[in-house]
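See structure below.
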Amino acid sequence: TEMPTLENLALVADEAPPGEQREPRYLIRQVSDITARKEMEEALAMERDLLHALLDNVPYHIDFKDRESRFLRISRAQAEHFGLSRPEEAIGKTDFDFFATQHANPAFQAEQKIIRTQRPLLNLVEKEKHEDGHVTWVSTSKFPLFDRDGQVIGTFGISRDITAQKHAEEARRELEVQLQLAQRRDASSNLFCGIVKEISHPTQTIL
């Protein structure tokens, strides 16, 4: 039978006057069974590997923040969205480091409300204005983050980039407006032609 163990060795020596070397007498060896500890470590390692696989491969923006809305962990897609080479570069920073104030401040206020009320915010469409001026759109859901004692220690969120979808919607609305204007022009043209015909008919009769 094999089991993981933890061994401690202690040296016992004779008493000696100060400044003189003590003579070793014997060793005390303590062996403890740490099977439960190793099983827990392996379970934690598995959970850590699963989390890494999720954060490194999903195309969504995922982040974990503390009570001051500082990043604790972000996904690789979120790091790329921020223009970072590694997700670890975001640790300790906030939205104010990556976005203009008009987006970062409402996001901060929303997260603080989640911490106070312990209620999630679901499917919020956000317009993100970055520090360099370019704009992106995301659909975001944010949740309170609890510790094992049930205390709120921050928030976590998941966002989906819908910038292309928003651009397509804007293009469709613009096309609808142009079609409506074209229809109105056609209707006005047909009305004008009808009036001309009504006027020209009695004129032709007189001639």
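The values are calculated or read from the model by the stated rules, or taken from the named source; none is laboratory data. Every value quoted in this text rests on a predicted model; they were computed, and no experiment measured them. No Cβ is skipped: glycine too gets one built from the backbone with ideal geometry, and neighbour counts run over all protein chains shown. Keep in mind that these areas ignore ligands, DNA and RNA; they rest on the heavy atoms of the full protein, side chains included. Shrake-Rupley method; radii C 1.70, N 1.55, O 1.52, S 1.80 Å.
So, with a 1.4 angstrom probe, what is the percent of accessible area on the chain that is carbon and sulfur?
Exposed carbon and sulfur together represent 53 percent of the surface.
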| Solvent-accessible surface ranking, highest first, for 12, 125 at 1.4 angstrom | 125, 12
| message | On alpha carbon coordinates alone, what is the Rg over Rh value for the chain, Rh being the Kirkwood radius? | response | 1.46
| field | Cα shape, segment 104-174, gyration tensor, a/c 1.5 rule | value | prolate
| message | Give me the extension gain from residue 43 to residue 5: residue separation times 0.36 nm, minus the current Cα-Cα distance, reported in nm with one decimal. | response | 11.9 nm
| message | At 222 nm, what value in deg cm²/dmol follows for the chain if DSSP H runs of at least 4 each add -39500 (n - 2.57) and the sum is divided by all its residues, to the nearest 500? | response | -15500 deg cm²/dmol
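Mind ranking 156, 99 by accessible surface for me, highest first, 1.4 Å probe?
So, going from the largest accessible area down, we get 156, 99.
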| task | Go ahead and collect, in residue order, the members of segment 23-39 whose backbone nitrogen is under 12 Å from a label point 7 Å along the Cα-Cβ direction of residue 13. | result | 23-26
| query | Roughly how big is the chain's charge dipole about its Cα centre, with Cβ charges of +1 (Lys, Arg) and -1 (Asp, Glu), in debye to the nearest 20? | reply | 1260
| field | 5 angstrom amide H check on residue 153, placed H, neighbours 5+ away | value | 145, 146, 147
| said: For the pair residue 148/residue 124, report the inter-label distance in nm, with labels modelled 7 Å from Cα in the Cβ direction. | reply: 3.1
| Rounded to the nearest whole Å², what accessible area per residue is found for the chain with the 1.4 Å probe? | 73
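Loop only per DSSP, at most 15 neighbouring Cβ atoms within 10 Å: give me the trypsin sites (Lys or Arg not before Pro) in segment 108-167, ordered by residue number.
Numbers: sites: 113, 116, 127, 129, 142, 148, 160, 166; in loops: 148.
Answer by residue number: 148.
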| Dipole-positive endmost among 58, 130, 9 within the chain (Cβ charges, Cα centre) | 130
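Give the ranking of 2, 131, 88 by solvent-accessible surface, highest area first, calculated with a 1.4 Å probe.
Working: 2 180, 131 125, 88 100 Å².
The ordering from most to least exposed comes out as 2, 131, 88.
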| said: Compute a Gaussian network model of the chain, connecting alpha carbons closer than 10 Å, and tell me which residue from 106, 24, 87 fluctuates the most. | reply: 24
| message | Name the residue from 152, 121, 44 whose Cα lies farthest towards the positive end of the charge dipole of segment 18-177, charges +1 on Cβ of Lys and Arg and -1 on Cβ of Asp and Glu. | response | 152
